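Engineer: Next up is a structure, given as structure tokens.
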Amino acid sequence: MTDAAVLEHDRAAAGAPQPPSPIAQEKANAMTDKKIGDVILDIQNISLRFGGVKALTDISFNVREHEIRSIIGPNGAGKSSMLNCINGVYTPSEGSITFRGQTFAHMNSRQVAEMGVARTFQNLALFKGMSVIDNIMTGRNLKMKSNILLQALHLGPARREELAHREFVENIIDFLEIQAYRKTPVGQLPYGLQKRVDLGRALAMEPQVLLLDEPMAGMNVEEKQDMCRFILDVNEEFGTTIVLIEHDMGVVMDISDRVVVLDYGKKIGDGMPDEVRNNEDVIRAYLGTSH
């Protein structure tokens, strides 16, 4: 055993506090100047049924501006269904969603996108035969004002507009450190880089709220650390509010400002990471007990 390993072993044996993970340390640094704002997204009494099956039952929570708000729970708890209600894919059976003071029983996906809510998906929905830059360009679609004919002919105002949008997308590519792959078909990229492209396409919409559905699923440790860093940077540098679904509890507890816990479509916990970690209902249903 190396000297460093012996030291870590002795620390643990003595009950001494362990040094923070790199991600937790980066989060702590980011929190120095971070200001959490007022409620930007308010979910009230949302229920969702598919025939006789209840996917969600009377769920309420809110999201504050500039925070990272995580939704956790076992498989089948209703996490993705909740995100689908927020971004207009599903129509809630009951309840309302308020975004920046406007309350809706239901919004369609286009309305949600136009209001400034973007989404990534657990199962990648990229155009595998298109290049990285063209995939991310699709995220600028709602920002384009030229009509289809001018865009097709690539003339006049449409040409100037596309150049401006491409410059914006190039900045995202630089931010995500994928410059070397900008003209590579997405289908030829490793899975971790495809996830980065998916994030880039969402960022191209310039969202106020970014919904991330398991952005680190299937990644190795190094890829997860990179994605955590990008999520923290998006939150800090762009001021983007983030709602995150993630199964890796180390990641969730390291980067979240607040956490809501679902189980069988019901809310069983809500609060700061440490509060959720010590919630008996959450421990029993999801986190488990260490012996």
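Engineer: Evaluate the following for I283: is it surrounded by fewer than 22 Cβ atoms within 10 Å (Cβ to Cβ), over 23 Å from F121 (Cβ atoms), touching a residue at least 12 places away in the same chain (Cβ under 8 Å) and not hydroxyl-bearing (S, T, Y)? Outline the logic, then answer.
Structural biologist: Values: surrounded by fewer than 22 Cβ atoms within 10 Å (Cβ to Cβ): yes; over 23 Å from F121 (Cβ atoms): yes; touching a residue at least 12 places away in the same chain (Cβ under 8 Å): no; not hydroxyl-bearing (S, T, Y): yes.
Considered against the rule, which asks whether it is surrounded by fewer than 22 Cβ atoms within 10 Å (Cβ to Cβ), over 23 Å from F121 (Cβ atoms), touching a residue at least 12 places away in the same chain (Cβ under 8 Å) and not hydroxyl-bearing (S, T, Y), I283 comes out as no.
Engineer: Evaluate region 156-166: report whether one residue or more is buried (at least 16 other Cβ atoms within 10 Å of the Cβ), at pLDDT 95 or above and of a type outside the set (A, V, I, L, M, F, W, C).
Structural biologist: no
Engineer: Keeping to region 170-224, report how many residues are free of Cβ contacts under 8 Å to residues at least 60 places away in the same chain and part of a strand (DSSP E or B).
Structural biologist: So the answer is 1.
Engineer: Looking at region 114-126, which of its residues are aliphatic (A, V, I, L, M) and either in contact with a Gly (Cβ under 8 Å, 6 or more places away or on another chain) or not in a helix (DSSP H, G or I) (or both)?
Structural biologist: First pass over region 114-126, keeping only residues aliphatic (A, V, I, L, M): 115, 117-118, 124-126.
The answer is V117, A118, L124, A125, L126.
Engineer: Here is a follow-up. Looking at R196, R182, can you tell me which residue is touching a helix residue (DSSP H, G or I) at 6+ places or on another chain (Cβ under 8 Å), surrounded by fewer than 19 Cβ atoms within 10 Å (Cβ to Cβ) and closer than 30 Å to M115 by Cβ? Break it down stepwise before answering.
Structural biologist: On the way: R196 fails: surrounded by fewer than 19 Cβ atoms within 10 Å (Cβ to Cβ).
That would be R182, the only listed residue that is touching a helix residue (DSSP H, G or I) at 6+ places or on another chain (Cβ under 8 Å), surrounded by fewer than 19 Cβ atoms within 10 Å (Cβ to Cβ) and closer than 30 Å to M115 by Cβ.
Engineer: Another question about this same structure. Just to be sure, is G139 in the same structural domain as R201 (by TED's automatic domain parsing), surrounded by 17 or more Cβ atoms within 10 Å (Cβ to Cβ) and at pLDDT below 95? It would help to see each step written out before you state the result.
Structural biologist: Values: in the same structural domain as R201 (by TED's automatic domain parsing): yes; surrounded by 17 or more Cβ atoms within 10 Å (Cβ to Cβ): yes; at pLDDT below 95: yes.
Answer is yes for this residue.
Engineer: Would you point out the residue of region 254-272, among those that are in contact (Cβ under 8 Å) with a residue 60 or more places away in the chain and not in a strand (DSSP E or B), that is farthest from V39 (Cα to Cα)?
Structural biologist: The qualifying residue farthest from V39 (Cα to Cα) is Y264.
Engineer: Can you spot a residue in region 240-251 that is surrounded by fewer than 19 Cβ atoms within 10 Å (Cβ to Cβ), in contact (Cβ under 8 Å) with a residue 60 or more places away in the chain and out of contact with any strand residue (DSSP E or B) (no Cβ under 9 Å at 6 or more places or on another chain)? Reasoning before the result, please.
Structural biologist: Narrowing region 240-251 to residues surrounded by fewer than 19 Cβ atoms within 10 Å (Cβ to Cβ): 247-250.
Now narrow it down to the ones that are in contact (Cβ under 8 Å) with a residue 60 or more places away in the chain: 247, 249-250.
Among the residues that remain, those that are also out of contact with any strand residue (DSSP E or B) (no Cβ under 9 Å at 6 or more places or on another chain) are: 250.
Within region 240-251 (the criterion being surrounded by fewer than 19 Cβ atoms within 10 Å (Cβ to Cβ), in contact (Cβ under 8 Å) with a residue 60 or more places away in the chain and out of contact with any strand residue (DSSP E or B) (no Cβ under 9 Å at 6 or more places or on another chain)), the answer is yes, since at least one residue qualifies.
Engineer: If a residue has to be free of Cβ contacts under 8 Å to residues at least 24 places away in the same chain and over 17 Å from the mean Cα position of the chain (by Cα) to count, how many in region 30-75 make the cut?
Structural biologist: Total meeting the criteria: 8.
Engineer: Next question. Checking V117 against (1) farther than 23 Å from M253 by Cβ; (2) surrounded by fewer than 21 Cβ atoms within 10 Å (Cβ to Cβ), which test does it fail?
Structural biologist: Only one criterion is unmet by V117, namely (2).
Engineer: Another question about this same structure. Test E67 against the criterion of being acidic (D, E) and at pLDDT below 95, and give yes or no. Lay out the reasoning, then the answer.
Structural biologist: Working: acidic (D, E): yes; at pLDDT below 95: no.
It is false that E67 is acidic (D, E) and at pLDDT below 95.
The values are calculated or read from the model by the stated rules, or taken from the named source; none is laboratory data. All figures in this text were calculated on a predicted structure; none of them were measured in a lab. Reconstructed Cβ throughout: ideal geometry from the backbone, glycine too, with neighbour counts over all protein chains shown.
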